[in-house]
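Note sheet for the following structure.
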Amino acid sequence: ALQYLFEGWPYNTYSKEDNNCCSIMRPPILLFALQSAHSLQSSPPLAFAPSCASKNCGGGVLRHRQQRTKQYLSDDDEEIIPINNDRSILAGESTFQKYGRPSDINSDSFGPLLPIAEAVDEVTGGWALTYADLHPATPRTTIGQAFLATNIFYAAGGLALGVQGDWFYGALTELAGIVSFIYHYSQLEFGKNRSEVRLALLVDYFTAGAALICGGVYMVQMGIDTIPIDALLTAVGASVCLALCWVWEFGYPYIFWHSLWHILSALTGYLIGQDHLLSTGG
């Protein structure tokens, strides 16, 4: 909500000259409110439909609001047609949707990892090395710090597995948590479209992937049908949260769902590692 208050939200413009419609950003709510107040002073009041004395008061308000959202001309003679639906307001746009493929994948940014970065970028059409813009959260805001703190679940799970005897999987989980913290810290600190964040993201793929592969091997060794139901439930929950991060890949919604991904995926890894220890007598 704060993002739309200060940054604005999507709307369509319709040009009379080229008969085309395109999506751009509406001015921030604060600015738009001031503009609306100014326009109301210079225009006659709009009629209000049914009175609140009837049972259709809500409908009257709705029709009144629809009358208030009439098309108007901007300074460059374009007709502004608002998109009045929840999807346009809540969905937002990912960095990939806004800016397309990264343009800073070079040796200066990735060094010896450049061939891998280029391969990942090529296979995924540029999507894999883009990341969510978490503005207005930063490493110094309460929400940003809470988001970073969720990586402690990897540290706790990895340490617990190591103490119980599985130092290998425990170390992979710990490493995944450390790199995840570094990636998300740089994501919060540098903002959108930065090569430093892309490099951290690429390394995060390696470490998180190694932990996931190890957990998958453990599941195959134990037999899928023997996996505890609680581990399966947390695995499904973690997967859903990760998928929702790509649906709402911006700001606070992303932080919320990705925080849950951290918590549930760390818990899943711990449960699978613990069950593997029990099955092998470790």
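Values computed for the structure shown
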quantity	calculated
Where labels lie 7 Å past Cα in the beta-carbon direction, separation of Q164 and E118 in nm	4.5 nm
Pairwise FRET efficiency - L242 versus T141, Cβ, R0 = 30 Å, nearest 0.05	0.80
Amide H partners (placed H, <5 Å) of D133, local residues excluded	T95, G251
Full-stretch length increase - D104, L212 - with 0.36 nm per residue and alpha-carbon distance subtracted	36.0 nm
Two-site label geometry, L233 and Q221: point separation in nm, points 7 Å out along Cα→Cβ	2.7 nm
Per residue value of the accessible surface for the stretch 89-224 (all protein chains in place, 1.4 Å probe), Å²	49 Å²
Distance in nm between pseudo-label sites at E196 and A149 (7 Å out along the Cβ direction from Cα)	2.4 nm
Cα-based equivalent ellipsoid, the stretch 129-195: semi-axes from gyration tensor eigenvalues, Å	28, 13, 6
Cβ crowding within 10 Å averaged over residues, with 146-155, 102-111 ranked highest first	146-155, 102-111
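The values are calculated or read from the model by the stated rules, or taken from the named source; none is laboratory data. Keep in mind that what you see is a predicted model, and the values were worked out from it rather than measured. Heads up, the Cβs are rebuilt from the backbone with ideal geometry, glycines too, and the neighbour counts pull from every protein chain shown. Please note that ligands, DNA and RNA were not included when accessible areas were found on the heavy atoms of the full protein model with its side chains. Shrake-Rupley method; radii C 1.70, N 1.55, O 1.52, S 1.80 Å.
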